[in-house]
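Visitor: There's a structure below that I have some questions on.
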Amino acid sequence: MQIDPTALPEVLILTPRRFGDARGWFMETWNAARMADAGLDLPWVQDNHSFSAAKGTLRGLHFQSPPRAQDKLVRCSKGAILDVAVDIRSGSPTYGQHVAVELTADNGRQLFVPKGFLHGFVTLTADTEVQYKCSDLYSPENDGAVRWDDPALGIDWGTASPILSDKDARAPLLADIGQPFRHGVSE
């Protein structure tokens, strides 16, 4: 597996090697031993799978606060998304900065989004499926969100009018959520 850093060093792009033949291809999306050797020794406890019917569906920006914070490993298994991670760790030199990576069923890339980062994506095609691993179980009490169009973040989603859930449409600005994460403090 190829592991590449992004402009936010803790956010990584993992590209599994594909083995193809006349039938198609096979890829290993996670191997605990190999990932531990690369410094990603994570206790995945929940897998999620979403389907978005329409192009321009935006899910995010979400986080889960301590003590139930989550690392995520995201991949697009059908269609294409623009996947976004935003550093919200107070005291971080990259606080408020984001990376946006195109994940597609064709490119096989995965995005590792660590604790302390917002996560969201917008679908670039219709009938898109996204799968991701989480290092902690979903906790409604620790569930949080930030507005997708917060001007302080300056994210170019490629659309000015995405399809949103009621929760995401009502999400507060980053300045209004307090400081659930601190840089250098493990959750």
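Visitor: Against the condition surrounded by 14 or more Cβ atoms within 10 Å (Cβ to Cβ), without any contact (Cβ under 8 Å) to a residue 40 or more places away in the chain and not aromatic (Phe, Trp, Tyr), how does residue 159 come out, does it pass?
Guide: The answer is no for residue 159.
Visitor: Taking only the stretch 18-56 into account, find how many residues are of a type outside the set (A, V, I, L, M), touching a residue at least 12 places away in the same chain (Cβ under 8 Å) and either under 16 Å from residue 130 (Cα atoms) or in contact with a Gly (Cβ under 9 Å, 6 or more places away or on another chain) (or both).
Guide: Residues flagged as of a type outside the set (A, V, I, L, M), touching a residue at least 12 places away in the same chain (Cβ under 8 Å) and either under 16 Å from residue 130 (Cα atoms) or in contact with a Gly (Cβ under 9 Å, 6 or more places away or on another chain) (or both) within the stretch 18-56 amount to 12.
Visitor: Would the stretch 41-64 turn up any residue that is farther than 30 Å from residue 165 by Cβ, open to solvent by 50 Å² or more (accessible area, probe 1.4 Å), over 19 Å from the mean Cα position of the chain (by Cα) and charged (D, E, K, R)?
Guide: No, every residue in the stretch 41-64 fails to be farther than 30 Å from residue 165 by Cβ, open to solvent by 50 Å² or more (accessible area, probe 1.4 Å), over 19 Å from the mean Cα position of the chain (by Cα) and charged (D, E, K, R).
Visitor: Still on this structure, please answer the following. Taking the options 65, 77, 50, name whichever one is in contact with a strand residue (DSSP E or B) (Cβ under 6 Å, 6 or more places away or on another chain), over 18 Å from residue 102 (Cα atoms) and of a type in the set (Ser, Thr, Tyr).
Guide: 65
Visitor: State whether one or more residues within the stretch 112-121 are touching a Gly at 6+ places or on another chain (Cβ under 8 Å), among the β-branched types (Val, Ile, Thr) and part of a strand (DSSP E or B).
Guide: No - not one qualifying residue is present in the stretch 112-121.
Visitor: Across the stretch 89-111, what is the total count of residues that are in a loop (DSSP other than H, G, I, E, B), more than 16 Å from residue 6 (Cα to Cα) and touching a residue at least 40 places away in the same chain (Cβ under 8 Å)?
Guide: Qualifying residue count, the stretch 89-111: 3.
Visitor: Let me ask something else. Would a scan of the stretch 127-137 turn up a residue that is under 30 Å from residue 19 (Cα atoms), open to solvent by 30 Å² or more (accessible area, probe 1.4 Å), in contact (Cβ under 8 Å) with a residue 24 or more places away in the chain and part of a loop (DSSP other than H, G, I, E, B)?
Guide: Looking through the stretch 127-137, at least one residue is under 30 Å from residue 19 (Cα atoms), open to solvent by 30 Å² or more (accessible area, probe 1.4 Å), in contact (Cβ under 8 Å) with a residue 24 or more places away in the chain and part of a loop (DSSP other than H, G, I, E, B).
The values are calculated or read from the model by the stated rules, or taken from the named source; none is laboratory data. Since the model is a prediction, treat every value here as computed from it, not as a measurement. No Cβ is skipped: glycine too gets one built from the backbone with ideal geometry, and neighbour counts run over all protein chains shown. Accessible surface is based on the protein model in full, side chains and every heavy atom, while ligands, DNA and RNA are left aside. Shrake-Rupley method; radii C 1.70, N 1.55, O 1.52, S 1.80 Å.
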